[in-house]
1. Beta carbons within 10 angstrom, averaged per residue: use that to sort the peptides 160-169, 134-143, highest first.
2. For the chain, what is the accessible area per residue in Å², given a 1.4 Å probe and the full set of protein chains?
3. Helix-only mean residue ellipticity at 222 nm, the chain, DSSP H runs n ≥ 4 weighted -39,500 (n - 2.57), per residue, nearest 500. What is it?
4. Grab the eigenvalues of the alpha-carbon gyration tensor for the chain, scale each by 5, take roots, and send me the semi-axes largest first in whole angstrom.
5. Choose one answer from L156, L92, L199: the residue with the largest mean-square fluctuation in a GNM of the chain with alpha-carbon springs under 10 Å.
6. Within region 57-76, whose backbone N sits under 18 Å from a point 7 Å along Cα→Cβ of E133?
7. Run the numbers on region 125-194 and let me know its relative contact order in percent, using alpha-carbon pairs under 8 Å that are six or more apart.
8. Sticking with the crude label model, points 7 Å out along Cα→Cβ, report the distance from A250 to A167 in nm, one decimal please.
Amino acid sequence: MDSDRPLLVFDSGVGGLSVLAAIRRALPTAPIVYVADSGGFPYGTKSEAEIAARVPALLGRLVERYRPRLVVIACNTASTIALAAVRAALDLPIVGTVPAIRPAALVSKTRAIGVLGTDATVRQPYVDRLAAEFAADCVVIRHGSARLVDLAEASLRGDPGDPADYAAVMAGLFGQPGGDAIDTVVLACTHFPLVAAQLAAASPRPIGFVDGAEGIARRVGVLTQGQPWPAAPAAGVALFTSDADVGALAPALANRGLLRIERL
Ligand code: DGL
């Protein structure tokens, strides 16, 4: 294994940066190619067929171009719909992101859990299975929000957003029958940890948030155990799949070590 072979971290937009942060803490010198599928964004309002057709083919092209040692699908929507197809199509380790219902069930005292994701994620049978397997004694209340994805994208571009918009998202969860008992919310879209502070401020009472980033970073560590890494971190690549203007994102990308912008 060549020490320069990167980890490829993939999302529809900036959400995967929440996962990248955890990976960087675990593997500080890992070469990174971060891919934002800006040409396909947003995923959460698309059909299963659209995601299933787009993601494996796109990742195939990216793997050819960058020869990564491992791919992280840092997107709940893409993972809950297309993870099996991507694994079948590509001959390298693929780490997916699935809603952190299991860790939430381990900490919830009220046994009422909220799952905040995209519309596409919260309707997946994958989520039903996670709830049945790991949170069978909990009430699991779901809410899909495309608005919150846009708020997170705007936030990384320096727009603080309107607290009323965050309150409206939280009301979509807590306003449902049984919602007043929720003590733990799964951030089941990788965009959402980027605005966890705003969500906490908009919450009707103190609650705990859970996401999958640390678990993913641990998994990447296990799968790359014993492999060589560069002695010092190199400039990471941020690749966008459209010509969209990403100038406003440059500081957020640079903060995360992504200094080279490329286009597909
Ligand atoms: N970040 C993605 C996720 O984890 C989806 C955002 C979107 O494109 O709708 O589900």
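1. Details: 160-169: 14.4, 134-143: 18.3.
Per-residue mean Cβ counts within 10 Å order the peptides as 134-143, 160-169.
2. 42 Å²
3. Per the formula, -12500 deg cm²/dmol.
4. Numbers: eigenvalues 174, 81, 62 Å².
Here the semi-axes work out to 29, 20, 18 Å.
5. L92
6. 73, 75-76
7. 37 percent
8. 3.7 nm
The values are calculated or read from the model by the stated rules, or taken from the named source; none is laboratory data. All values reported here derive from a predicted model rather than from experimental measurement. No Cβ is skipped: glycine too gets one built from the backbone with ideal geometry, and neighbour counts run over all protein chains shown. Accessible surface is based on the protein model in full, side chains and every heavy atom, while ligands, DNA and RNA are left aside. Shrake-Rupley method; radii C 1.70, N 1.55, O 1.52, S 1.80 Å.
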